[in-house]
Amino acid sequence: MTQPITEENLQKTVEQVVQSMKVTDIHTHLYAPVFGDILLWGFDELVTYHYLKAETMRWVDISYDQYWQMSKVEQADLIWQTLFVENTPYSEACRGVLTTLQRLGLDVKSRDVQTYREYFESKKLEDYVRQVFDLAGLKCAVMTNDPFNPQERTVWLDKIKQAKAEVDPRFRAALRLDVLLCSWEQSWDLLRQWGFDVTHDLNERTIEEVQRFLREWIRIMDPVYMAVSLPFDFQLPEESARAQLIESCILPVSRETNVPFALMVGVKRQLNPGLKDAGDGVGKMDISSIDYLCSQYPHNKFLVTLLARENQHELAVLARKFRNLLPFGCWWFLNNPSLIEEITSMRLELLGNSVILQHSDARVLDQLIYKWDHSRKIIAQILTRKYRDVMATGWVLTEAEIRRDVEKLMGGNLWSFLERKL
């Protein structure tokens, strides 16, 4: 046994372990450089993140149409002036911009937007990806990969499948199925155009062909999981194309290939259509649908994150009952310090080490820096409290044991659940 941890060095040890741990970011909206300009990065992308758009529109006296007619630079200038100059930038999204600039070595107090832009313009993407991953402390990031997205589909089929290019190993694929499952009225016709013998009716032949589509894209992408983002009123079982596709196509292929099915549930789509990508809201789901999946399909594996705060306790309790369920992260509107602290503490108290504490949900490469910087600080504080409670009973801890725990909580549990190595 290594040297026991004492009350005096506990906090410092936990902080060092958490800060130095290389993590697997289980869910992002990022792309490897081979995908070109759909990988977003740089000052203007960072500042025009959809959280900041929505926050700005609470202040400015312009129409949504006027805003959308602006160039990216003009939008960024408006957001900066509104949220960073005319107001103190302490919302989590604003603070995240400042943390990112600071960690990159830029002078935040100068508020010099032109200098910030010039910094990013001077960067070569390959070098910058390496810099961001180092600053964020990442082993790898799991992308969101949609085979129905024409631009992305072209990269997979023309470059990667033909062995003309390779995906950066720091970026892992996730096969995203929102279009297939939630827009069957359109997706079946696309499948037919791509050579799959499907009809609108989900007959036996169509089900076989959808399964073939899934297997083909699993071979192409080698995804960590298959995923879908679902509305708050998602239900299983139900009489719908979505439900039939999940039970007749997704789950059999998931079980056959050992590629888990990840469900991200709780969105109210386009609550305010004028805001476009910033217009989605949140709703509480009926968690009995997750109960149904876990109990009726015990040989399938499910990764689940829910958007509503009100669902978090119920999800943690459900995970205590089903080992084929792995909760992960604080998604979207929950990725705020006060909520991360609450949800993380509750999960550790109910589930011990058998969760994945966090993911970034980053849509802009630079966001990896602040999202992991902020989350690591909260995780270290919570774990310090939990270890202190254990030590108060007389239990002896070592640094090796703390490191073991943190490795599991910050990505290791994913690879164990997948029965794969990173």
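The values are calculated or read from the model by the stated rules, or taken from the named source; none is laboratory data. These figures come from a predicted structure and were not determined experimentally. In this analysis, Cβ positions are derived from the backbone assuming ideal geometry, glycine residues included, and neighbour counts consider all displayed protein chains.
A few comments on the model shown:
- The residues of the range 134-144 that are out of contact with any Lys or Arg (no Cβ under 6 Å at 6 or more places or on another chain) and either surrounded by 18 or more Cβ atoms within 10 Å (Cβ to Cβ) or within 17 Å of F43 (Cα to Cα) (or both), listed by number, are A136, L138, A141, M143.
- Criterion: aromatic (F, W, Y), at pLDDT 95 or above and over 30 Å from F232 (Cβ atoms) - qualifying residue of W395, W372: W395
- Condition check for P223 on (1) out of contact with any Asp or Glu (no Cβ under 6 Å at 6 or more places or on another chain); (2) surrounded by 15 or more Cβ atoms within 10 Å (Cβ to Cβ); (3) part of a helix (DSSP H, G or I): one failure, at (3).
- Some residue of the range 198-217 being modelled with pLDDT under 95, more than 30 Å from A308 (Cα to Cα), touching an Asp or Glu at 6+ places or on another chain (Cβ under 9 Å) and among the basic types (K, R): no
- Residue in the range 153-166 that is closer than 29 Å to G329 by Cα, in contact with a helix residue (DSSP H, G or I) (Cβ under 8 Å, 6 or more places away or on another chain), small (G, A, S) and surrounded by fewer than 21 Cβ atoms within 10 Å (Cβ to Cβ) present: no
- The C-beta contact set for the range 79-92 (first residue without any contact (Cβ under 8 Å) to a residue 24 or more places away in the chain, second residue surrounded by 11 or more Cβ atoms within 10 Å (Cβ to Cβ), distance under 7 angstrom, 6+ apart or interchain) comprises P89/L83; P89/R95; P89/L98.
- Sole exception among (1) crowded, with 19+ Cβ neighbours inside 10 Å; (2) closer than 20 Å to L318 by Cα; (3) touching a helix residue (DSSP H, G or I) at 6+ places or on another chain (Cβ under 9 Å) for P237, by number: (1)
- Within the range 204-227, residues that are under 17 Å from P260 (Cα atoms) and touching a residue at least 12 places away in the same chain (Cβ under 8 Å) reach partners that are basic (K, R) and surrounded by fewer than 17 Cβ atoms within 10 Å (Cβ to Cβ) with beta carbons closer than 6 Å, at six or more positions or on different chains, in the pairs I220/K161.
- Where L138 falls short, out of the listed (1) under 23 Å from F328 (Cα atoms); (2) out of contact with any helix residue (DSSP H, G or I) (no Cβ under 7 Å at 6 or more places or on another chain): (2)
- Of residues in the range 351-374 being within 26 Å of F417 (Cβ to Cβ) and aliphatic (A, V, I, L, M), the one surrounded by the fewest Cβ atoms within 10 Å (Cβ to Cβ): L351
The rows are residues; the columns are (1) in contact with a strand residue (DSSP E or B) (Cβ under 7 Å, 6 or more places away or on another chain); (2) within 30 Å of R388 (Cα to Cα).
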| residue | (1), (2) |
| --- | --- |
| T2 | yes, yes |
| T6 | no, yes |
| N9 | no, yes |
| V18 | no, yes |
| I26 | yes, yes |
| L40 | no, no |
| M57 | no, no |
| I62 | no, no |
| Y67 | no, no |
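- Set D201, D189: member being loosely packed, with under 14 Cβ neighbours inside 10 Å, more than 29 Å from the chain's Cα centre (by Cα) and assigned to a helix (DSSP H, G or I): D189
- Residue in the range 160-173 that is of a type outside the set (D, E, K, R), outside any strand (DSSP E or B) and closer than 23 Å to H50 by Cα present: no
- Counting residues in the range 327-338 that are free of Cβ contacts under 8 Å to residues at least 12 places away in the same chain, under 29 Å from I379 (Cβ atoms) and either surrounded by fewer than 21 Cβ atoms within 10 Å (Cβ to Cβ) or among the basic types (K, R) (or both) gives one or more.
- Considering K377, K386, the condition of being in a helix (DSSP H, G or I), touching a residue at least 24 places away in the same chain (Cβ under 8 Å), surrounded by fewer than 20 Cβ atoms within 10 Å (Cβ to Cβ) and basic (K, R) is satisfied by K386 alone.
- Number of residues in the range 253-296 that are closer than 17 Å to A227 by Cβ and either surrounded by fewer than 18 Cβ atoms within 10 Å (Cβ to Cβ) or within 18 Å of the chain's Cα centre (by Cα) (or both) equals 14.
- For the range 280-298, the criterion of being at pLDDT 95 or above, closer than 25 Å to N336 by Cβ, assigned to a strand (DSSP E or B) and hydrophobic (A, V, I, L, M, F, W, C) is met by at least one residue.
- Condition check for D291 on (1) under 30 Å from S63 (Cα atoms); (2) without any contact (Cβ under 8 Å) to a residue 40 or more places away in the chain; (3) acidic (D, E): one failure, at (1).
- When the range 1-28 is filtered for residues that are in a strand (DSSP E or B) and under 19 Å from A362 (Cβ atoms), the ones remaining, listed by number, are V23, T24, D25.
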